[in-house]
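The values are calculated or read from the model by the stated rules, or taken from the named source; none is laboratory data. This one's a predicted model, so the numbers in the text were calculated from it and none came from an experiment. Backbone-built Cβ (ideal geometry, glycine too); neighbour counts: all protein chains shown.
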Amino acid sequence: MQHFASTERKVITIDEAQDLSRHQRKAGRTVGLTNGCFDILHSGHLDLLERARSMCDLLVVGVNSDESVRLLKGPDRPINSQADRARVIAGLECVGAVVIFNETTAEDLITRINPSRYFKGADYNPDNLPEYNLLQRLGIPLVLLSLKPGKSTTSIINRIASANRHHPSP
């Protein structure tokens with residue numbers, strides 16, 4: 001029988017992620033970092049995370065805390081708690097570690113993790129990415145990954161709301 005380990009061990013503190021990144025980089029490995037709300041995980045998220053992982057030895061994923069999601073997305077979000085969102089992301093084979101962070105930008109996360117590369121979806125660019133100047137200052141390459149058309153948490157939520165308006169529950 002194959003050894004199975006709980007994915008809960010992959011959800012770590014920022015201090016642990018900082019140590020892990022330092023150790024991996026010292027050993028000559030590339031550390032990738034990305035972040036997001038990941039409120040309702042969909043195939044667009046998976047596609048982006050798998051492609052990011054293909055470009056590094058270790059992929060660390062920052063998951064916005066419930067408080068920061070509310071600030072970014074509004075009072076009705078998140079749909080899923082930070083613990084649930086982090087655990088689901090940790091369950092993905094391509095993800096090496098998950099960190100929950102409280103800020104609305106990933107600047108502190110980037111500074112602490114000091115990744116070899118920082119990945120974001122191509123809906124961002126140097127003009128609308130809050131972390132871009134920090135990345136430039138630290139010499140961390142930004143890798144923008146194309147998105148799967150029509151795949152977003154907001155579009156999923158809107159489809160559910162629309163279906164509920166057309167077919168209300170008894």
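From the list ALA97, ALA52, ALA17, ALA27, which one is surrounded by fewer than 14 Cβ atoms within 10 Å (Cβ to Cβ) and either at pLDDT 95 or above or not β-branched (Val, Ile, Thr) (or both)?
ALA27
Collect the residues in the range 121-132 that are of a type outside the set (Asp, Glu) and over 12 Å from ALA106 (Cα atoms), keeping them in residue-number order.
GLY121, ALA122, TYR124, ASN125, PRO126, ASN128 - these are the residues of the range 121-132 that are of a type outside the set (Asp, Glu) and over 12 Å from ALA106 (Cα atoms).
Restricting to the range 17-28, name every residue that is free of Cβ contacts under 8 Å to residues at least 40 places away in the same chain and either within 15 Å of ASP108 (Cβ to Cβ) or touching a Ser or Thr at 6+ places or on another chain (Cβ under 9 Å) (or both).
GLN24
Out of all the residues in the range 63-87, which are among the polar types (S, T, N, Q) and within 12 Å of the chain's Cα centre (by Cα)?
ASN64, SER65, GLN82
So which pairs qualify, if the first residue must be in the range 67-84 and surrounded by fewer than 16 Cβ atoms within 10 Å (Cβ to Cβ), the second must be assigned to a helix (DSSP H, G or I), the Cβ gap must be under 8 Å, and the two must be at least 6 apart or on different chains?
From the range 67-84, the pairs are SER81/ASP66.
Please work out which residue is nearest to the chain's Cα centre (by Cα), limiting yourself to the range 88-115 and to residues that are under 13 Å from ARG53 (Cβ atoms), in a loop (DSSP other than H, G, I, E, B) and in contact (Cβ under 8 Å) with a residue 60 or more places away in the chain.
Among residues in the range 88-115 that are under 13 Å from ARG53 (Cβ atoms), in a loop (DSSP other than H, G, I, E, B) and in contact (Cβ under 8 Å) with a residue 60 or more places away in the chain, the one nearest to the chain's Cα centre (by Cα) is VAL95.
Can you say whether GLY62 is in contact with a strand residue (DSSP E or B) (Cβ under 9 Å, 6 or more places away or on another chain), over 17 Å from SER116 (Cα atoms) and surrounded by 15 or more Cβ atoms within 10 Å (Cβ to Cβ), as far as the supplied structure shows?
No, not satisfied.
Please count how many residues of the range 24-46 are closer than 27 Å to PRO75 by Cα and of a type in the set (Lys, Arg).
Residues in the range 24-46 being closer than 27 Å to PRO75 by Cα and of a type in the set (Lys, Arg): 0 in total.
Exactly one condition in (1) touching a strand residue (DSSP E or B) at 6+ places or on another chain (Cβ under 6 Å); (2) buried (at least 16 other Cβ atoms within 10 Å of the Cβ); (3) assigned to a helix (DSSP H, G or I) is false for PHE119; which is it?
It is condition (3) that PHE119 fails.
Answer yes or no: is there a residue in the range 147-170 that is hydrophobic (A, V, I, L, M, F, W, C), at pLDDT 95 or above and surrounded by 11 or more Cβ atoms within 10 Å (Cβ to Cβ).
no
Quick check: is even one residue across the range 57-68 small (Gly, Ala, Ser), outside any loop (DSSP other than H, G, I, E, B) and either under 22 Å from ALA122 (Cα atoms) or modelled with pLDDT under 95 (or both)?
Yes.
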